[in-house]
Every structure is written in C-alpha cells, then in structure tokens.
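The values are calculated or read from the model by the stated rules, or taken from the named source; none is laboratory data. Computed from a prediction, not measured in an experiment: that's the story for all the values here. Here the Cβ positions follow ideal geometry from the backbone for every residue, glycine too, while neighbour counts run over all protein chains shown. We work out accessible area using only protein heavy atoms, side chains counted, and drop any ligands, DNA or RNA first. Shrake-Rupley method; radii C 1.70, N 1.55, O 1.52, S 1.80 Å.
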Amino acid sequence: VLALNGKIRKVGEKIFASNGKKVDFASALETCEEAGGTIATPMNEEENKAILDIVKQYNQYAYLGIKEGQTSGQFKYMNGMPLNYTKWHRYEPNGKGTEKCVEMYTDGNWNDKKCNLYRLTICEF
C-alpha cells in the first residue's frame, strides 16, 4: 500500500503532491515536470492552504512556482504572468534581485529566497 497520507491534496482541478525530497529549485522543477506536472503554485487562499498542509506534514519549507522577473522585486508565475494572489511574510520580498525564488514558510507565508538552497519538492498536477 502506498503511504500517501498527508502527501497529496486536491483543490478544485489541481492535485498537489510531494515526494518528501529536499532539493534546489531547478531540481524540484525538473522532478515535477518529469512527473507530468509543475512546481506547486498557489493561485488563491484555498490552494495556499493545501500546499501548507503538505509543508506542515514534513515540517519543511517548500519552493513555489514563482520567480522574480527581469524587474527587481517583481515576481511572476513560471509562465511569466503577473501574480494575482500573494501571501508575502511581513517585510518580504526583500532580496532585490539576489533572491529570485519563493519559498513557503510553515505558517503559509512566503519569502523570497536564493534558488540554490534545499527545500521540499511539492508538485501540482
């Protein structure tokens, strides 16, 4: 029996799942794409909560499918579209061009972070 309890969350048309591995952003994205999905990207509060459930299950920060664009401090979805929902932690984002990736804290808030750190992989399908 697959032990998937707490590792998968369904919200609307999306399914969020984690393999429990901690890797850098590029590797997380690659893992998700190889599985036929992409890195978890919350588009609303409900999706953010679903991702947070997995983050809490592992008690690990996780990368989100959001990156800083060409303009410093301006974050976008992986497809280049501007964000229509954000949950930045107080005083974030503050990396100003040096922290191009976004992680989710264990309280569901976001922080801009360097892309080479090891964070939990959560994909969406």
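Summary table
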| quantity | calculated |
| --- | --- |
| Residue among Glu99, Glu33, Glu13 that is among the acidic types (Asp, Glu) and at pLDDT below 95 | Glu13 |
| Any hit, the range 45-59, residues being at pLDDT 95 or above, touching a helix residue (DSSP H, G or I) at 6+ places or on another chain (Cβ under 8 Å) and either farther than 15 Å from Cys115 by Cα or crowded, with 16+ Cβ neighbours inside 10 Å (or both) | no |
| Selection from the range 65-77 of residues that are open to solvent by less than 50 Å² (accessible area, probe 1.4 Å), of a type outside the set (D, E, K, R) and over 24 Å from Ala17 (Cβ atoms) | Gly69, Gly73 |
| Restricting the range 1-60 to residues that are assigned to a strand (DSSP E or B) and of a type in the set (A, V, I, L, M), the residue that is nearest to the chain's Cα centre (by Cα) | Ile39 |
| Test: residue in the range 73-89 that is within 13 Å of Glu103 (Cβ to Cβ) and among the aromatic types (Phe, Trp, Tyr) | yes |
| Counted residues, the range 90-110 - those being in contact (Cβ under 8 Å) with a residue 40 or more places away in the chain and either among the β-branched types (Val, Ile, Thr) or not in a loop (DSSP other than H, G, I, E, B) (or both) | 5 |
| When residues of the range 60-93 are limited to those that are in contact with a strand residue (DSSP E or B) (Cβ under 8 Å, 6 or more places away or on another chain) and among the β-branched types (Val, Ile, Thr), the one farthest from Asn116 (Cα to Cα) | Thr86 |
| Residue ID - farthest from the chain's Cα centre (by Cα), chosen from residues in the range 78-125 that are among the polar types (S, T, N, Q) and crowded, with 17+ Cβ neighbours inside 10 Å | Asn111 |
| Complete set of residues in the range 27-43 that are surrounded by fewer than 13 Cβ atoms within 10 Å (Cβ to Cβ) and in contact (Cβ under 8 Å) with a residue 12 or more places away in the chain | Gly36 |
| Qualifying residue in the range 68-86 (condition: in contact with a Cys (Cβ under 7 Å, 6 or more places away or on another chain) and of a type outside the set (Gly, Ala, Ser)) | no |
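Residue-wise test of (1) farther than 16 Å from Asn48 by Cβ; (2) among the acidic types (Asp, Glu).
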| position | (1), (2) |
| --- | --- |
| Gln74 | yes, no |
| Pro82 | yes, no |
| Tyr85 | no, no |
| Glu92 | no, yes |
| Gly97 | yes, no |
| Tyr105 | no, no |
| Gly108 | no, no |
| Cys115 | yes, no |
| Tyr118 | yes, no |
